[in-house]
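All remarks here apply to the structure that follows.
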Amino acid sequence: MIRYKQETHEVQVSAGLSVLIAASLAGLEEMGFGDCGGNLVCATCHVRVNSGTFAPMKPDEQLMLDTLPRTHPNSRLGCQLRVSDDCDVEWMGAR
Ligand code: FES
């Protein structure tokens, strides 16, 4: 599930695919989600993880998050998150 503002998008993707792919299927790519295609240079895929299990953050993801003016304790970059089970993330919007 991907939330953005007042909208909720329920998207099914295979395990191992990224939240970036799920966002694209939800039509959020057209609104600016994931401008760099997952190359860790845009942070337009900034999400807050409400639930779900994801691998720990790697240093390059943290470096990109550190460039943002505002983050949350559960902030992650959707392009780095591989879906393994049901999850709920909230897109923070393109910067
Ligand atoms: S898509 Fe650009 S950093 Fe995630």
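Observations, loosely collected:
- Given (1) open to solvent by less than 80 Å² (accessible area, probe 1.4 Å); (2) touching a strand residue (DSSP E or B) at 6+ places or on another chain (Cβ under 9 Å), index of the condition residue 31 fails: (1)
- Hey, residue 16 touching a residue at least 60 places away in the same chain (Cβ under 8 Å) and farther than 12 Å from residue 91 by Cβ or not: yes
- Checklist (1) in contact with a strand residue (DSSP E or B) (Cβ under 9 Å, 6 or more places away or on another chain); (2) open to solvent by 70 Å² or more (accessible area, probe 1.4 Å); (3) at pLDDT 95 or above applied to residue 77, failing item: (2)
- Count of the range 27-65 residues which are more than 12 Å from the chain's Cα centre (by Cα), aliphatic (A, V, I, L, M) and more than 12 Å from residue 82 (Cβ to Cβ): 5
- Given (1) within 6 Å of the ligand (Cβ to nearest atom); (2) closer than 15 Å to residue 2 by Cα, number of the condition residue 50 does not satisfy: (1)
- Looking only at the range 65-95, residues that are part of a loop (DSSP other than H, G, I, E, B), away from the ligand (no atom under 11 Å from the Cβ) and either polar (S, T, N, Q) or in contact with a helix residue (DSSP H, G or I) (Cβ under 9 Å, 6 or more places away or on another chain) (or both) come to 6 in all.
- The lone exception for residue 3 - which of (1) surrounded by 15 or more Cβ atoms within 10 Å (Cβ to Cβ); (2) modelled with pLDDT of 95 or more it fails: (2)
- Filter pass, residue 23 being touching a residue at least 24 places away in the same chain (Cβ under 8 Å), touching an Asp or Glu at 6+ places or on another chain (Cβ under 9 Å) and of a type outside the set (Ser, Thr, Tyr): yes
- Elements of type strands (runs of 3 or more DSSP E) contained in the range 1-60, each with 2 or more residues being of a type in the set (A, V, I, L, M): 46-51
The values are calculated or read from the model by the stated rules, or taken from the named source; none is laboratory data. A quick note: this is a predicted structure, and the numbers were derived from the prediction, not measured. Neighbour counts are summed over all protein chains in view; Cβ atoms, including those assigned to glycine, are modelled from backbone coordinates with ideal geometry. Ligands, DNA and RNA are stripped out before the accessible areas are found, and what is left, the full protein with its side chains, is counted by its heavy atoms. Shrake-Rupley method; radii C 1.70, N 1.55, O 1.52, S 1.80 Å.
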